Amino acid sequence: MNRSLLLMLLLAAAGSVMPHDIIADDNWPRFRGPNADGVAADNDRLPVTWNKSKNVEWVADVPGWGWACPILWGDQVFVSTVVSDEENDGPQKGLYLGQGVRTPAKGTHHWMVYCYDLKTGAVRWKYEAHTGQPKVPRHPKSTYASETPTTDGERLYVLFGDVGLYCFDYHGKQLWSHEIEPKKTFFDYGAAASPWAYNNRLFFLSEDGDTYVVEAGPEFKLLHSNSLDELCLSTPAVSKEKLLVRTASKLYCITKSTSQQTQDAAE
């Protein structure tokens, strides 16, 4: 069954925030925002109360299911979702009592990327990144589009952890794609960690604790893959020269050794 999520742009009582008001600090380029802390700059025009109609500038239907957060760059809002041709049980509210899902969802699915206009909510473009039948199950409260996209300010990167990593320009043209082999995950939780673009690099993780480093750019180039050999469902964080990765039992702070920094400087 096709369901719709609602994407709402909230208004402050004093007036709306239009695209011409947008500055760099107003972009929301990744999971949990510019600094990965879920905190935006103070703005007294943001409301503290709303419902389906109050303080809502527009509402846009998003077909299918997806827990990926919307991201924003300039006057464009990007969302990923997965649409099924056949009816399947959707995520359920309430307490999870341990009844897992051990079989993949049935029917043909469409892994989609949508771009909405920030001012009007109109669909600027949409792209079908992948079509097929899911190969792995999903947790009853999860979806096949749970990873939040990211952008480096020049291109959009969308990760669907069971099928692939995709790169687009802001006009909806796919620049490259990289297929990911679907794997059965811990208790069938499914992929969860979101990609992160930083300093001309793109980082993304597998549930097995493998971190992949890709050159951010118009062509796919894998720089390295690094294994920590432990369950990892968390999105990495980057601070200056340090990469922070949390696994099931450890927090890793990863940086170049002094000798490696010296070698890089010499080159």
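The values are calculated or read from the model by the stated rules, or taken from the named source; none is laboratory data. From a predicted model like this one, the values you see are computed outputs, not experimental measurements. As a convention, Cβ positions derive from the backbone with ideal geometry for all residues, glycine included, and neighbour counts pool all protein chains shown. Accessible surface is based on the protein model in full, side chains and every heavy atom, while ligands, DNA and RNA are left aside. Shrake-Rupley method; radii C 1.70, N 1.55, O 1.52, S 1.80 Å.
For the reader, a short list of remarks on this structure follows.
- Lys, Arg +1 and Asp, Glu -1 on Cβ, resulting dipole of segment 75-193 about Cα centre, debye, nearest 20: 300
- Taken over segment 121-253, the percentage of Cα pairs per 5 Å bin, counting from 0 up to the bin with the maximum distance, is 2, 10, 20, 23, 20, 14, 8, 2, 0.
- Within straight-line reach of residue 141, meaning a Cα separation under 16 Å, sit the following lysines at least 8 residues removed in sequence or on another chain: 93.
- Cut-off 14 Å between beta-carbons: net charge of the residues surrounding residue 128, Lys and Arg +1, Asp and Glu -1: +1
- Whichever lysines have a C-alpha closer than 20 Å to that of residue 250, once near sequence neighbours (fewer than 8 apart) are set aside: 242
- Heavy-atom accessible area order for 224, 110, 171, largest first, 1.4 Å probe: 171, 224, 110
- Semi-axis lengths (Å, descending) of the ellipsoid that matches the C-alpha gyration tensor of segment 42-162: 28, 19, 13
- Bridging of residue 135 to aspartates and glutamates at a Cα separation below 18 Å is possible for 85, 86, 87, 89, 147, 162, 179, 181, 188, 207, 208, once same-chain residues fewer than 8 apart are set aside.
- Taking all protein chains together and rolling a 1.4 Å probe, residue 131 ends up with roughly 70 Å² accessible.
- Kirkwood hydrodynamic radius (C-alpha pairs) into Stokes-Einstein, segment 182-253, 20 °C and 1.002 mPa s, D in µm²/s: 169
- For the pair residue 181 and residue 123 in one chain, pulling the backbone fully straight at 0.36 nm per residue adds 17.8 nm over the alpha carbon distance.
- Pairs from the list 184/240; 221/256; 183/221 with a Cα-Cα gap above 24 Å: 184/240.
- Distance between modelled label sites at residue 75 and residue 229, nm, 7 Å Cα→Cβ extension: 5.4
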